[in-house]
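Before any comments, here is the structure.
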Amino acid sequence: MIYEERRITLKRGQIGSFIAQFKESTLPAIRSHGGETLCTLSGLIGDPPEEMMQITAYPDMAAWTDAQDAFGTSRMENIDIEAVRHLKPIAYRPKETIPDEDLRGFYGHRRFFISPDDLDEFVHCSENGIWPRIEAQDARILGLWTTVASTTPQEVVLLTGYHGPAHWEETRALGDRPQQIDPDIWNRGRELGQHRRDMTIKSWVRLMRRLEV
């Protein structure tokens, strides 16, 4: 499985037109080549709403190549600029099929930069510490990826779903343990969370709104 990260800057006032065109022609063409768009996100905090991002899964590079005809010049009336890169999954998320109950209305798009030597430990801290704690607070991890291209430092991309900005704030684990969360899950989440922070050279996050498509 290969994943496409497509970053799109729309012309002002073109979100509705972009979504309509995507539903009508682009998405059916993507699906005809075995692709599926996991999410369409619009900037909320940290970016204006015209800053969009889509993550789309394809069975392989051949399917991705064949699907590029879906992104024709008719889209130019809505788009100012866009950039695409390939990502590969490095954890047990994303799920092969994402159930509706896992979807959230808002997503944190976080980019980490770490040493390539720390990647396995970074994933371990995420899967076995931070994610169980944060999902006990009703957030949902959409996926964890790194770039197909090798770089130093190495970039890791995380998408986590929340019910809103206040929910995101509640999951920062800065205060006392919520009563509904098991103490072992809470303590392990904080311990491995600190370990992951120690490995992180730098990190950047923005909150985005999920659009229905």
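Laboratory data are not the source of any read-out in this text; all were calculated from the coordinates shown. Quick caveat, the model's predicted, so the values are computed rather than measured. Here the Cβ is made from the backbone with ideal geometry for all residues, glycine too, and neighbour counts use every protein chain on show.
Between R133, R111, which is in contact with a helix residue (DSSP H, G or I) (Cβ under 7 Å, 6 or more places away or on another chain), among the charged types (D, E, K, R) and under 22 Å from L207 (Cβ atoms)? Walk me through it before giving the result.
Values: R111 fails: in contact with a helix residue (DSSP H, G or I) (Cβ under 7 Å, 6 or more places away or on another chain).
Answer to the selection: R133.
Restricting to the range 68-107, and then to whatever is among the small types (G, A, S) and over 18 Å from T147 (Cα atoms), can you tell me which residue is farthest from the chain's Cα centre (by Cα)? Can you show your working first?
Taking the range 68-107 as the starting set, the residues that turn out to be among the small types (G, A, S) are 70, 72, 74, 83, 91, 105.
In the following step, the residues that additionally are over 18 Å from T147 (Cα atoms) were identified as 70, 72, 74, 105.
Numbers: A70: 22, G72: 25, S74: 27, G105: 13 Å.
The residue in question is S74.
Among the residues of the range 50-68, write down those that are surrounded by 15 or more Cβ atoms within 10 Å (Cβ to Cβ) and out of contact with any Asp or Glu (no Cβ under 9 Å at 6 or more places or on another chain).
Of the range 50-68, the ones surrounded by 15 or more Cβ atoms within 10 Å (Cβ to Cβ) are 50-58, 63-64, 66-67.
Correct list: E51, A63, D66.
Go through the range 27-60 and count every residue that is free of Cβ contacts under 8 Å to residues at least 60 places away in the same chain, of a type in the set (G, A, S), closer than 20 Å to G161 by Cβ and touching a helix residue (DSSP H, G or I) at 6+ places or on another chain (Cβ under 7 Å).
0
Please tell me if D66 is within 30 Å of D198 (Cβ to Cβ) and of a type outside the set (A, V, I, L, M, F, W, C).
Details: within 30 Å of D198 (Cβ to Cβ): no; of a type outside the set (A, V, I, L, M, F, W, C): yes.
So D66 does not fit the description; no.
Could we say that K88 is loosely packed, with under 14 Cβ neighbours inside 10 Å, among the basic types (K, R) and either without any contact (Cβ under 8 Å) to a residue 12 or more places away in the chain or part of a helix (DSSP H, G or I) (or both) here? Walk me through it before giving the result.
On the way: loosely packed, with under 14 Cβ neighbours inside 10 Å: yes; among the basic types (K, R): yes; either without any contact (Cβ under 8 Å) to a residue 12 or more places away in the chain or part of a helix (DSSP H, G or I) (or both): no.
No; evaluated as a whole, the condition is false for this residue.
Under the condition of being among the hydroxyl-bearing types (S, T, Y) and within 23 Å of K11 (Cβ to Cβ), which residue from the range 25-49 is surrounded by the most Cβ atoms within 10 Å (Cβ to Cβ)? Give the steps one after another, and end with the answer.
Step one: list which residues in the range 25-49 are among the hydroxyl-bearing types (S, T, Y), which gives 25-26, 32, 37, 40, 42.
In the following step, the residues that additionally are within 23 Å of K11 (Cβ to Cβ) were identified as 25-26, 37, 40, 42.
Working: S25: 14, T26: 21, T37: 17, T40: 23, S42: 20.
The extreme case among them is T40.
On the basis of being farther than 26 Å from R177 by Cα, within 19 Å of the chain's Cα centre (by Cα) and hydroxyl-bearing (S, T, Y), does T65 make the cut? Before the answer, list the steps.
Details: farther than 26 Å from R177 by Cα: yes; within 19 Å of the chain's Cα centre (by Cα): no; hydroxyl-bearing (S, T, Y): yes.
For T65, the condition - farther than 26 Å from R177 by Cα, within 19 Å of the chain's Cα centre (by Cα) and hydroxyl-bearing (S, T, Y) - is not met.
Are there any pairs, at least 6 apart or on different chains, whose C-beta atoms fall under 6 Å, with the first in the range 5-26 and free of Cβ contacts under 8 Å to residues at least 60 places away in the same chain and the second buried (at least 16 other Cβ atoms within 10 Å of the Cβ), and if so, which?
Correct list of pairs: T26/A70.
Taking interchain pairs and intrachain pairs at least six residues apart, which have beta carbon atoms under 7 angstrom, with the first residue in the range 195-212 and closer than 13 Å to R110 by Cα and the second acidic (D, E)?
Filtered contacts from the range 195-212: R206/D47.
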